[in-house]
1. Return a yes/no flag: does the range 294-302 have any residue that is more than 18 Å from R360 (Cα to Cα), among the aliphatic types (A, V, I, L, M) and touching a residue at least 60 places away in the same chain (Cβ under 8 Å).
2. Only one residue in D412, D454 is closer than 20 Å to Y366 by Cα and of a type in the set (D, E). Which one?
3. Mind telling me which of the residues L244, L270, L256 ends up being over 18 Å from the mean Cα position of the chain (by Cα), more than 19 Å from D231 (Cβ to Cβ), crowded, with 20+ Cβ neighbours inside 10 Å and not hydroxyl-bearing (S, T, Y)?
4. Which residue is farthest from Q116 (Cα to Cα), if the candidates are limited to the range 63-76 and must be free of Cβ contacts under 8 Å to residues at least 60 places away in the same chain and assigned to a strand (DSSP E or B)?
5. Give me the residue from the range 228-263 that is free of Cβ contacts under 8 Å to residues at least 12 places away in the same chain and either of a type in the set (D, E) or touching a Ser or Thr at 6+ places or on another chain (Cβ under 6 Å) (or both) and, out of that set, nearest to P303 (Cα to Cα).
6. Tell me the residue from A353, A399 that is assigned to a helix (DSSP H, G or I) and either assigned by TED's automatic domain parsing to the domain that holds Y531 or surrounded by 24 or more Cβ atoms within 10 Å (Cβ to Cβ) (or both), please.
7. All but one of (1) in a strand (DSSP E or B); (2) in contact (Cβ under 8 Å) with a residue 60 or more places away in the chain hold for G331; which doesn't?
8. Consider L508 carefully, then state whether it is buried (at least 21 other Cβ atoms within 10 Å of the Cβ), in a strand (DSSP E or B), of a type outside the set (D, E) and at negative phi.
Amino acid sequence: MRGAELPPWWARTTVYQIYPRSFLDTNGDGIGDLPGIVRKLDWLRDLGVETLWICPFYRSPQQDLGYDISDYDDVAPEYGTMDDVRRLVDEAHARGLRVVADMVLNHTSIEHPWFQESRSSRTNPKRNWYLWRPGKKPGGKAPPNNWRSLVGPRGWHWDPRTEEWYWASFLPFQPDLDYRNPEVQEAMLGVVRRWLAFGFDGLRLDIFHALFKDERFEDNPFSTRILPSEDDPDGFFQSYRRTLHHPETITFARTLRRVADEFQDPPRFLVGEVFGQPGALRRYSEGGDGLHSVFLFKAMRAPFTAAGFRELVSEFEREMRAPLVPTWVFGNHDRSRRGERLGHHPEREKLCAAVQLTARGIPFVYYGEEIGMRDLELPLATARDPLARMYRFLPDFVARRLHAAGVLLNRDACRTPMQWSSAPNAGFSPPGAVPWLPVHPAAELVNVEAEERDPASILHCYRRLLRLRKTRPALQAGALELYPERALPPEVLAYRRTFGDDVVDVLLHFDDATRRVRIPGNCSAALASTYPAPLPIRDGHAVLRPYEALVLGP
C-alpha cells in the first residue's frame, strides 16, 4: 500500500472472546476445556477472526468461575493441563492466530496461599500483601470506612481470627492485593513476565481501574446514582472516587507496559477492563507508554439509531484520536448478549456487526455473537454465578425486570454452552453428558451447523465482513471521516475509511424501510453487504434494505 505503513498487529486485529467453560467439552464432564478450543481452531481461523482472548484457565476454587485465582502458575484441572495450554498456543500460532490470556491482577482467591498466610496473623510477612484495616468502633466491629464493592454491598469483610477487616473490590472471596507494597508489584509483574514468555501475545486485564485505592482510606462521597452503568461506575448512592481510577493506577499501567515491551517479535498487547467515559479512560493509553488499549463499554448502551451511532463514533474519534485505538464491544461474559438489546432481530444484529467490523478500532466478538445466541433466563436460586447467589433473596420477576432494563444479575444467562449443532447438548458436550449450564432451547434452530447452510445467516454475514476486513487496509487501520448529516437521510450513517491509497465507504441504514440513497462519495463498487448480495447501484444511488450495511470501494 503506497504512502503508508501498517500499524502493529494489535491495532488492526479482530478479537474473539472464548469462555472456556462454555465453548466445547471434549471429555464428557459437562465443562468446556482447553482441548475443546484446540479442536475448533480451524473453524475459528476460517471464521476470519485473528486473535483469541481466553478467559481465565488458571487453578481456582471456581467460586467466581476462574476469576478467583489460587495459583497463577497452574491450570484448573477441569480445563486441562499445562501441556494443553502449550498445545493451544502453539497450534493457534501455527494457524496464524494470536492468543491473549485473561489476567486478574487486582485480587486473588481467598484460598491463594498468599492470602492464607496473610490472614494467619497480624505479624505474618504477607499481612501487608493485602488491604487490612482495624475497625472504627470499640472492638473493631464497624468497617474502616464507607467503601462499597463494585457489586453493591460493602467491600470490607471481618476476619474473626485476627480481628481486622480485609478489602475486596468485587466479592468477599476475592481479597484485593495491596499494590502500594513493592513486593506485590514485583510478584505480579513476575506472573505477567512468565505468561508472556510462555508465548501469549498479550493480556486482557480484569478490573484494572481498581488496582490502587486512597492511601488515607477516606470515605467515598455520596452520589445520587442508584445503579452503575457501562460508562459510569458510580452507583449504590456512592461515588467511587477513592477506590477507582487512582492516579497511581495510571502510573502502574506504564510500569506494566515496560514489562510487556521486554517481549518483541511480535510485540505484546495489553487491554484493560475499565469503566467510565471515553475521555476519562484515555488516560490509561495516552502518551503511547501505557496500556495499548482499553474497553469502551459505552457502545453497549448507544441508542440503535443513525444519530445515536453518529454521536458514539464522533466521541470515539474525538477522545481516542490516532495513534490511540478505540475498541468496539457489544457483549461479554458479564453483560447481556447483544441480541437482547436488539430484539433478536437478525438484520439489526448484522448491522451492529458491520459497525463493529468497519469503524476504526479493535473489534471484540463474544463467542456466540456470530450466530445470534440469546441470553437464557435462569432462576437466581440455582445460579452458578456468585453474583446471582448474592441476590438470591430477590424474586425472579425482579431479576427479569432488571434484565430487561439492561442489568444482568445472573450472568449465567450469557454464559450458556456454545451452540454448535442441533444434536443433543447442541454439540457442546457428548450425548449423555450434563452440561454445566442448560443449553438454550433455541439451539435447535440457532446453531453453527444450521447457519453454515443459510447464506442469509448472521454467521455468513460475519464471514463476509471479516474476509473483507482482512483484504482492505483501510478497514484494518484507516482513518475515519464521517459524511455530513445533510448528505444523507436521517436514518443513514456513512463514513469513509482511508489508508494510503485504499479507500472504503460504509453506509449504515438504521431503519426497517427500503430506501434509495444517493451515494455521498465517489465509491460506487459494492464490496459487501449484510445481506447475501448487494442490490445493483445505478446513477450514483444505492437501494438500502431494512437495517442493511453496504461497503463500497472505488
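1. Taking the range 294-302 and keeping what is more than 18 Å from R360 (Cα to Cα), we get 301.
Subset that is among the aliphatic types (A, V, I, L, M): none.
Scanning the range 294-302 turns up no residue that is more than 18 Å from R360 (Cα to Cα), among the aliphatic types (A, V, I, L, M) and touching a residue at least 60 places away in the same chain (Cβ under 8 Å).
2. Numbers: D454 fails: closer than 20 Å to Y366 by Cα.
None of the other options fit; the residue is D412.
3. Of L244, L270, L256, the one residue that is over 18 Å from the mean Cα position of the chain (by Cα), more than 19 Å from D231 (Cβ to Cβ), crowded, with 20+ Cβ neighbours inside 10 Å and not hydroxyl-bearing (S, T, Y) is L256.
4. V75
5. The selected residue is D234.
6. Details: A399 fails: either assigned by TED's automatic domain parsing to the domain that holds Y531 or surrounded by 24 or more Cβ atoms within 10 Å (Cβ to Cβ) (or both).
The match here is A353.
7. Against the list (1) in a strand (DSSP E or B); (2) in contact (Cβ under 8 Å) with a residue 60 or more places away in the chain, G331 comes up short only on (1).
8. Numbers: buried (at least 21 other Cβ atoms within 10 Å of the Cβ): yes; in a strand (DSSP E or B): yes; of a type outside the set (D, E): yes; at negative phi: yes.
Against the criterion (buried (at least 21 other Cβ atoms within 10 Å of the Cβ), in a strand (DSSP E or B), of a type outside the set (D, E) and at negative phi), L508 qualifies.
The values are calculated or read from the model by the stated rules, or taken from the named source; none is laboratory data. Because the structure is predicted, anything quoted here is derived from the model rather than measured. When we count neighbours, we look across all protein chains shown, and the Cβ atoms used for this are built from the backbone with ideal geometry, even at glycine.
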